[in-house]
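> So that we are looking at the same thing, I have put the structure below in structure tokens.
Readers should treat all values here as calculations from the given coordinates under stated rules, not as data from a laboratory. All of these numbers come straight from a predicted model, not from anything done at the bench. Cβ sites come from the backbone with ideal geometry, for glycine too, and all protein chains shown count toward neighbours.
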Amino acid sequence: MSTYSTTPSPGHSSRAAVTVLGLGPMGRALAGAFLDAGLRTTVWNRTPGKDRELLDRGAAGARTAAEAAAAGEVVVVCVVNYDAADAVLRQDEVAAALKGRTVVNLTADTPARARETAEWAAAHGVRYLDGAIMVPTPVIGTPGGVFLYSGPRDLYREVRPVLDVLGGSHTHLGEDIGRAAAFDIALLDVFWTSMAGYAHALAVAKAEGITARELAPFAQGIAAILPPLFAEWAGDADDGTFSGRLNPLTSGASSMAHIVAVSESHGIDAGVMRATEGMARRAIGLGHGTDGFVRVAEVISRHLG
């Protein structure tokens with residue numbers, strides 16, 4: 001079994017060799033963090049020219065993906081999705097170069113695609129971890145980084161010294177290779193629905209003569225309410241309690257209807273809020289009107305028929 005280190009071992013003069021496949025903004029940030037830590041870093045991108053700054057900083061360039069794969073003990077993949085990752089990794093010459101090496105795939109996609117790629121990797125003798133990056137590019141290499149991984153625990157422990165140079169916290173979520181992607185999807189669901197709500201709020205506020213800057217401090221106050229609610233609702237969801245003592249679904253649905261009315265009076269699309277109200281009223285119709293909003297999670301998960 002190989003052991004990866006970011007510092008020279010006795011009798012050896014070199015540190016672990018890392019390859020980064022994919023040099024979009026995130027890929028360049030990852031490669032930069034490896035370089036800053038003094039790791040021998042090889043980079044490759046399908047579209048030429050994105051490696052110039054990294055080469056100036058000491059990275060080694062590769063003419064082909066296979067050449068890049070052969071240069072690294074740890075090969076980090078960060079491209080737009082698994083279609084793009086497959087187009088690179090599943091080339092015969094790349095697969096051959098990767099045999100016996102460790103691939104850490106930080107590409108975002110679905111849990112099913114992660115499991116499918118892990119099966120391909122196993123069939124080709126590639127040691128494989130799947131991962132998710134939960135922060136924007138400026139945070140890479142700083143203590144604020146958040147990285148999630150899934151796959152063989154022993155492999156994760158082995159490669160952890162290399163991953164640590166990316167900064168922040170690193171969490172192994174279990175042997176099921178799809179768990180990192182599942183966490184990623186769930187957390188991005190929180191993010192994008194929240195962003196959609198904020199964008200809609202800005203449109204409503206503007207229609208009522210309120211500027212975004214005027215609204216922002218109060219919006220931040222609303223956002224601060226959410227973390228303790230997330231913790232409380234997690235218990236409700238896992239335990240099936242769904243307490244609505246402080247804010248029952250019937251009250252929430254009423255306020256949602258007000259938002260829809262004001263929005264549409266200004267010609268603002270209220271589709272997102274109409275959908276939210278619809279979920280709430282469905283739960284109420286099933287007899288859950290005195291429960292809290294998180295009861296909706298159970299209701300929308302029920303199989304029809």
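> Which value in nm describes the separation of the simple spin-label points at residue 258 and residue 96, placed 7 Å from the Cα toward the beta carbon?
About 6.9 nm separates the two model spin labels.
> In nm, what is the difference between 0.36 nm times the number of residues separating residue 176 and residue 214 and their Cα-Cα distance? If you can, show how the numbers build up before the last one.
On the way: separation 38, 0.36 × 38 = 13.68 nm, distance 4.61 nm.
My answer for the length gained is 9.1 nm.
> Farthest toward the dipole's positive end in the chain, which of 205, 237, 284, given Cβ charges of +1 (Lys, Arg) and -1 (Asp, Glu) about the Cα centre?
Projecting each Cα onto the dipole axis, the largest value belongs to 205.
> While we're looking at this one, here's another question. Could you please report the charge total around residue 114, scoring K, R as +1 and D, E as -1 over all other residues with beta-carbon less than 11 angstrom from its beta-carbon? It would help to have the intermediate numbers written out before the result.
Details: positive: 113, 115, 179; negative: 109, 116, 119, 130, 176, 184.
It works out to a net charge of -3.
> While we're looking at this one, here's another question. For the ranges 44-51, 27-34, what's the packing order if you count other beta-carbon atoms within 10 Å of each residue, average per peptide, and put the highest first?
Result, highest mean first: 27-34, 44-51.
> Moving on to the next point. Taking every pair of distinct Cα atoms and averaging 1/r, then inverting, what Kirkwood hydrodynamic radius in Å comes out for segment 211-299?
On the way: mean 1/r = 0.0702 Å⁻¹.
Over segment 211-299, the inverse of the mean reciprocal pair distance is 14.2 Å.
> When you count, for each residue, the other Cβ atoms within 10 Å and take the mean per peptide, how do 284-291, 82-89 rank with the highest first?
On the way: 284-291: 15.8, 82-89: 18.6.
Ranking the peptides 284-291, 82-89 by packing returns 82-89, 284-291.
> Let me ask another. Taking the Cα centre of the chain as origin, sum charge times position over the Cβ atoms of Lys and Arg (+1) and Asp and Glu (-1), and report the length of that vector in debye to the nearest 20.
Roughly 440 debye for the chain.
> Which FRET efficiency, nearest 0.05, do residue 142 and residue 282 yield, Cβ-Cβ r, R0 51 Å?
In this case the efficiency is close to 0.70.
> Note down the nm distance, to one decimal, between modelled labels 7 Å out along Cα→Cβ at residue 57 and at residue 198.
The two pseudo-label positions are separated by 2.7 nm.
> Please compute the modelled spin-label separation between residue 272 and residue 222, points set 7 Å along Cα→Cβ, answer in nm with one decimal.
Going from the residue 222 label point to the residue 272 one covers 1.0 nm.
> Moving on to the next point. Using the Kyte-Doolittle scale, which helices in the chain average at least -1.0 and also have C-alpha atoms spread 27 Å or more along the helix axis, with helices defined as whole DSSP H runs?
Long hydrophobic helices here: 179-207, 212-239.
> Provide the gained length on full extension for the span residue 250 to residue 188, in nm with one decimal, where the gain is 0.36 nm per separating residue minus the Cα-Cα distance.
19.5 nm
> For residue 298 and residue 112, what does the FRET efficiency come to when R0 = 30 Å and r is the distance between their Cβ atoms, rounded to the nearest 0.05?
Working: r = 23 Å, r/R0 = 0.78.
Here the calculated transfer efficiency is 0.80.
> Shifting gears a bit: Given contacts defined as C-alpha pairs under 8 Å and at least six residues apart, what's the relative contact order of the chain, whole-number percent?
This gives 12 percent for the chain.
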